[in-house]
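K.L.:
Below are the structure tokens for one structure; questions will follow.
The values are calculated or read from the model by the stated rules, or taken from the named source; none is laboratory data. Here the structure is a predicted model, which is why all the values come from computation and not from measurement. Every residue, glycine among them, receives a Cβ derived from its backbone with ideal geometry; neighbour counts consider all protein chains shown. Just the protein is used for accessible areas: all its heavy atoms, side chains included, with ligands, DNA and RNA removed. Shrake-Rupley method; radii C 1.70, N 1.55, O 1.52, S 1.80 Å.
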Amino acid sequence: MKRGEATVTFIEPTRYPEKLSSLFYAVSLSDRIILVVDELSATFGECVMMLQCAGKSDGYLILKNYISPDQIAPLITGTMLEHYEVLEEDMIGLREKMIAISVKQTAHQKAHESVGKGVVPVDGHFHVKGVGVVVLDSVAQGCIKKHETVKVLPTSTTAQIRSIQKHDDDAEFVVTGDRVGLALKNIASKDLDRGFVLTTIPQYSMPRPSMGKLSW
């Protein structure tokens, strides 16, 4: 979704619970979480554990099938989900809420666009004839600008940003939360893999999930 320069991308783990990795990637890429609870099952427990391990403290709960906040309270006490806001199942209202957050966040980021180096994890990558290697994902932190040189972690390789697209529009720079396509110079597609990180931070270290504190 897009309103002006503000954008919202929803990521759904469509292959979960068949593949736990689908849930992991969706959670890892997300800035905020919307957890729909339609039954209190092992799947719900896995989601709670995944969100806790990933440190996702900003989120919302949508309760279905007459599940009440009192029913899930004992299951999420002591976790980050304890502080999630409970929302009604109103997709139009949810869309407007997410857009409003993005508009405010984008205005703040534009005012500070030169502050903070950028981090972009690699979700997908491929070679485009006449363009070169293109990387797809969302900006996890800071700002990435056209023509900047990025480190390709965990390797010692560097690459240059040839061009940037944000929701299929050309852009000079992108900031936290933007879903982007980055065309790279001086690197081949075979030298990349899903989970690699592009960054302009000189001493950036790739984060590792923490189990945190759980209380059941």
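K.L.:
Sort through Ser138, Ser156 and tell me the only one that's surrounded by fewer than 16 Cβ atoms within 10 Å (Cβ to Cβ) and of a type in the set (Gly, Ala, Ser).
P.N.:
Within the list Ser138, Ser156, the selection yields Ser156.
K.L.:
Report the residue count in the stretch 1-53 for those that are of a type in the set (Gly, Ala, Ser) and either modelled with pLDDT of 95 or more or over 30 Å from Asp169 (Cβ atoms) (or both).
P.N.:
If we filter the stretch 1-53 for residues that are of a type in the set (Gly, Ala, Ser), which is where we start, we get 4, 6, 21-22, 26, 28, 30, 41-42, 45.
The next check asks that each one be either modelled with pLDDT of 95 or more or over 30 Å from Asp169 (Cβ atoms) (or both); those that pass are 21, 41-42, 45.
Within the stretch 1-53, residues that are of a type in the set (Gly, Ala, Ser) and either modelled with pLDDT of 95 or more or over 30 Å from Asp169 (Cβ atoms) (or both) number 4.
K.L.:
I would also like to ask the following. With respect to the numbered conditions (1) among the β-branched types (Val, Ile, Thr); (2) closer than 20 Å to Thr7 by Cα; (3) at pLDDT 85 or above, which one is the sole condition not fulfilled by Val134?
P.N.:
Of (1) among the β-branched types (Val, Ile, Thr); (2) closer than 20 Å to Thr7 by Cα; (3) at pLDDT 85 or above, only one is false for Val134: (2).
K.L.:
Filter the stretch 19-43 down to residues that are outside any loop (DSSP other than H, G, I, E, B) and closer than 28 Å to Gln105 by Cβ, then give me how many there are.
P.N.:
13
K.L.:
Here are Val150, Val103, Val135: which of them is part of a helix (DSSP H, G or I) and either of a type in the set (S, T, N, Q) or under 20 Å from the mean Cα position of the chain (by Cα) (or both)?
P.N.:
Result of the check over Val150, Val103, Val135: Val103.
K.L.:
Would you check which residues across the stretch 180-191 are aliphatic (A, V, I, L, M), open to solvent by 10 Å² or more (accessible area, probe 1.4 Å) and under 16 Å from Ile144 (Cβ atoms) and list them?
P.N.:
Answer for the stretch 180-191, where residues must be aliphatic (A, V, I, L, M), open to solvent by 10 Å² or more (accessible area, probe 1.4 Å) and under 16 Å from Ile144 (Cβ atoms): just Ile187.
K.L.:
Run down Tyr25, Tyr84 and say which single residue is hydroxyl-bearing (Ser, Thr, Tyr) and open to solvent by 70 Å² or more (accessible area, probe 1.4 Å).
P.N.:
Tyr25
K.L.:
In the stretch 44-58, what residues are touching a Ser or Thr at 6+ places or on another chain (Cβ under 8 Å), in a helix (DSSP H, G or I) and free of Cβ contacts under 8 Å to residues at least 40 places away in the same chain? First the steps, then the outcome.
P.N.:
Going residue by residue through the stretch 44-58, those that are touching a Ser or Thr at 6+ places or on another chain (Cβ under 8 Å) are 48, 51-56.
When the remaining residues are screened for being in a helix (DSSP H, G or I), the result is 48, 51-53.
Passing the criteria: Val48, Leu51.
K.L.:
Sticking with this structure for a sec: Which residues, counting only those in the stretch 87-106, are open to solvent by 60 Å² or more (accessible area, probe 1.4 Å) and in contact (Cβ under 8 Å) with a residue 12 or more places away in the chain?
P.N.:
Glu88, Glu89, Arg95, Val103
K.L.:
Would you be able to say whether some residue in the stretch 41-55 is open to solvent by 60 Å² or more (accessible area, probe 1.4 Å) and within 25 Å of Val122 (Cα to Cα)?
P.N.:
Scanning the stretch 41-55 turns up at least one residue that is open to solvent by 60 Å² or more (accessible area, probe 1.4 Å) and within 25 Å of Val122 (Cα to Cα).
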